[in-house]
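Peer 1: The following block contains the structure, expressed as structure tokens.
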Amino acid sequence: MSATGSTLRVRTQWLVYALALAAAGATGGRLLEGGAGLLAQAAGFALVATAVLWRLWTTLFVAGRKEAVLVREGPYAGCRHPLYLGSIIAALGIGLTTRSVVMTVALPLAIAAMAVMAARREDAALAAAHGDDWREYRDSTPAFRLRWRRPAAPALVPVPPAAYRKAFLDAASFLALWLAVVVLETLRAGGAWQPVLRLP
């Protein structure tokens with residue numbers, strides 16, 4: 001995928017998350033309250049933490065060589081787009097953390113729609129670059145559904161420090177987003193301000 005396309009996708013993704021933060025702070029009427037709400041937030045944290053670790057692990061295999069090499073090792077042995085899968089899992093976790101059923105459904109759907117569009121562009125670029133090798137990989141490996149098997153890993157994967165630093169910042173941003181949702185939800189539920197809309 002081109003840098004321009006990737007930049008647009010990332011900016012759009014974070015616009016969606018900014019809107020989710022605004023919705024978390026400005027709306028009330030949650031269906032998940034009390035024990036169910038606490039359970040939803042705990043599950044949300046578990047999903048975000050899982051997504052962060054998954055994205056860091058995936059970056060180890062692909063950072064700095066995604067466009068030059070057809071990566072099929074590690075997470076890419078079980079899923080063609082594991083980074084996007086991680087983003088969808090994180091979005092589900094953020095949605096659960098809002099304790100809103102609407103947000104829990106809408107947020108991962110919005111991120112999934114962007115991921116599917118980005119994956120199509122990426123697949124087209126890989127098909128043009130790698131031809132039959134990519135088509136064989138496509139036919140044997142699902143795009144987003146993880147095929148559960150133990151993949152073989154190479155003995156050594158070169159990772160540019162700048163790429164992995166970016167991956168850590170990316171991971172930290174998901175955790176910061178989770179924390180921001182928790183703080184906003186706690187302040188709003190505690191009466192720090194009145195919600196302007198109901199969002200079950």
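Peer 1: Going through the stretch 117-145 one residue at a time, which ones are surrounded by 14 or more Cβ atoms within 10 Å (Cβ to Cβ) and without any contact (Cβ under 8 Å) to a residue 40 or more places away in the chain?
Peer 2: Answer for the stretch 117-145, where residues must be surrounded by 14 or more Cβ atoms within 10 Å (Cβ to Cβ) and without any contact (Cβ under 8 Å) to a residue 40 or more places away in the chain: ALA119, ALA127.
Peer 1: Name the residues in the stretch 99-108 that are surrounded by 13 or more Cβ atoms within 10 Å (Cβ to Cβ) and either on the phi > 0 side of the Ramachandran plot or part of a helix (DSSP H, G or I) (or both), would you?
Peer 2: Hits for the stretch 99-108 are ARG99, VAL101, VAL102, MET103, THR104, ALA106, LEU107, PRO108.
Peer 1: Kindly indicate whether any position in the stretch 162-178 is more than 18 Å from LEU47 (Cα to Cα), more than 17 Å from the chain's Cα centre (by Cα) and among the aliphatic types (A, V, I, L, M).
Peer 2: Checked against the condition, which is being more than 18 Å from LEU47 (Cα to Cα), more than 17 Å from the chain's Cα centre (by Cα) and among the aliphatic types (A, V, I, L, M), the stretch 162-178 yields at least one hit.
Peer 1: Check whether at least one residue in the stretch 118-132 is under 30 Å from LEU31 (Cα atoms) and assigned to a helix (DSSP H, G or I), and report yes or no.
Peer 2: Looking through the stretch 118-132, none of the residues is under 30 Å from LEU31 (Cα atoms) and assigned to a helix (DSSP H, G or I).
Peer 1: Out of LEU146, LEU156, LEU169, report the one residue that is touching a helix residue (DSSP H, G or I) at 6+ places or on another chain (Cβ under 9 Å) and not small (Gly, Ala, Ser).
Peer 2: On inspection, the qualifying residue turns out to be LEU146.
Peer 1: Another question, if that's okay. Please pick out the residue among ARG135, ARG147 that is more than 30 Å from ALA18 (Cβ to Cβ) and touching a Ser or Thr at 6+ places or on another chain (Cβ under 9 Å).
Peer 2: ARG147
Peer 1: Here's something else I'd like to know. For the stretch 48-78, give me each residue that is within 22 Å of ALA124 (Cβ to Cβ) and polar (S, T, N, Q).
Peer 2: Within the stretch 48-78, just THR58 meets the criteria.
Peer 1: Restricting the search to the stretch 42-81, which residues are within 19 Å of GLU185 (Cβ to Cβ) and surrounded by fewer than 20 Cβ atoms within 10 Å (Cβ to Cβ)?
Peer 2: Once the filter is applied, which keeps residues that are within 19 Å of GLU185 (Cβ to Cβ) and surrounded by fewer than 20 Cβ atoms within 10 Å (Cβ to Cβ), the stretch 42-81 yields ALA42, ALA43, PHE45, ALA46, ALA49.
Peer 1: Which of the residues that make up the stretch 40-98 are closer than 25 Å to GLY28 by Cβ and not in a helix (DSSP H, G or I)?
Peer 2: THR98
Each value in this text was obtained by applying a stated rule to the coordinates, not by laboratory testing. This structure is a prediction, so every number in the text was calculated from the model and none was measured. Cβ: placed from backbone, ideal geometry, glycine included. Neighbour counts: every protein chain shown.
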